[in-house]
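Have a look at the structure below before the remarks.
Nothing in this text is a laboratory measurement; each read-out follows from the coordinates by a stated rule. Since the model is a prediction, treat every value here as computed from it, not as a measurement. When we count neighbours, we look across all protein chains shown, and the Cβ atoms used for this are built from the backbone with ideal geometry, even at glycine.
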Amino acid sequence: MLNLASDLRYKGAIDKLSNTMKDIFICEDHVIIIDGLKLLFQQSTDYRIIGHSLTGSGVIEKLEKENPDILILDLNLKDSDGFELIEEIRKTNKKLKIVVLTMYPDEFLIERARKLGANAYLQKSVSNDELLEALQKIENLEFYLSKALMEENERRRKFRDHFAYKMKLTKRELELIPLFARGISSNQIAEQLSISTLTIDTHRKNIFRKLEINTSIELVNFAHENKLL
């Protein structure tokens, strides 16, 4: 009888703990990343992984079925665009916390993810401690950006301000150079920045004139040489 009572108390404690844990679903096409996350959360009493997908296909349906609290999402999936997934998810699910886990530190991508409804943006090099910290903070924060990215963005901002002054570029022109260099279309940029494609094309002409270049390849080389990418 004592053993039975003890077992029941233990089961009750486990059930109570399970009810307070946050459920995580992972959408990531690198198995090594998924395995690392599984290892991390196996040791957690606050979070548990309830499912994962190596592709973006069918993820919306899986999220509806599993109903997790948190989605950890890679932007660059083999079969899907992570941004499009965020946008699609937010049409029907406003409560799900979306944590972007990616290789890309680009400010344009960070801002795009934030505007579409992501709750956090982290690089895959983030420490386990900061990942757990981010998961805690997004409960009350509208958007969490990793410390390394905040520091890098501030460093780039200071460099760009000095560079813009030297080259007589406007802040908007300086903002557009890395986007043009990456081959992002005028339509995509116009949509993200809420300005017309005509304005984008005018900025492009002014940039080429000020930098004394004539081709997109020259712009890419210029951006790399001056650490604008």
*Cα Rg over Rh - the stretch 2-147, Kirkwood*: 1.02
*asked:* Please compare each pair in LYS62/LYS147; LYS78/LYS147; LYS94/LYS137; LYS95/LYS124; LYS38/LYS94 to a cut-off of 21 Å on the Cα-Cα distance and tell me which ones are over it.
replied: LYS62/LYS147; LYS78/LYS147; LYS95/LYS124; LYS38/LYS94
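So which trypsin sites (Lys or Arg not before Pro) in the stretch 37-95 are both in a DSSP loop and have at most 16 other Cβ atoms within 10 Å of their Cβ?
Numbers: sites: LYS38, ARG48, LYS62, LYS65, LYS78, ARG90, LYS91, LYS94, LYS95; in loops: LYS78, LYS94, LYS95.
Of the trypsin sites (Lys or Arg not before Pro), the ones in loops of the stretch 37-95 whose Cβ has at most 16 other Cβ atoms within 10 Å are LYS78, LYS94, LYS95.
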*Loop sites only, by DSSP: take the GluC sites (Glu not before Pro) in the chain that have at most 13 other C-beta atoms within 10 Å and name the longest stretch containing none of them.*
1-138
*Quick one: length gained pulling ASP81 to THR197 fully straight, 0.36 nm per residue minus the C-alpha distance?*
39.5 nm
_Only sites in a loop by DSSP and with at most 10 other Cβ atoms within 10 Å count here; which trypsin sites (Lys or Arg not before Pro) in the stretch 140-217 make the cut?_
LYS168
*For LYS205, list the lysines whose Cα falls under 18 Å from its own Cα; do not include residues on the same chain fewer than 8 positions away.*
LYS168, LYS171
*Kindly work out what percent of the DSSP beta bridges joining two residues of the chain are antiparallel, to the nearest 5.*
5
*When the helix-only estimate is applied to the chain (DSSP H runs of n ≥ 4, each -39,500 (n - 2.57), divided by the residue count), what is the mean residue ellipticity at 222 nm, nearest 500 deg cm²/dmol?*
-18500 deg cm²/dmol
_Principal-axis tilt of helix 31-42 within the chain, Cα atoms, nearest 10 degrees_ = 50
*What is the dipole size for the chain, taken about its Cα centre, with +1 at each Lys and Arg Cβ and -1 at each Asp and Glu Cβ, in debye to the nearest 20?*
720
